[in-house]
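In what follows, a structure is listed as structure tokens, so that the remarks can point back to it.
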Amino acid sequence: MSPILVEPLSEQAYELLRQLEALHILRVLSNTEIAAPRKTSIASLIGTLSPKTSERMLKEVAEMRNEWEREF
């Protein structure tokens, strides 16, 4: 399941969350675990470039290859 953010409003509420964790009903994460970035799937990047931008990038890559293969 996807994580949700819960802010306990009292020490009793926090203790209740700890008890639920002990029963393996939920897991309490620390601030560092929450802030850790998740790895992005390559599939999620499909379609993020506009056709105009991708065309310009392909043209620049072709120019770089030509410059690299050029003999002096």
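Within the stretch 19-34, the residues that satisfy the criterion of being charged (D, E, K, R) and either exposed (fewer than 12 other Cβ atoms within 10 Å of the Cβ) or over 29 Å from the mean Cα position of the chain (by Cα) (or both) are 27, 33.
Checked against the criterion of being outside any helix (DSSP H, G or I) and in contact (Cβ under 8 Å) with a residue 24 or more places away in the chain, the candidates 29, 9 yield just one match: 29.
Each value in this text was obtained by applying a stated rule to the coordinates, not by laboratory testing. Values in this document were obtained by computation on a predicted structure and should not be read as measured data. Every residue, glycine among them, receives a Cβ derived from its backbone with ideal geometry; neighbour counts consider all protein chains shown.
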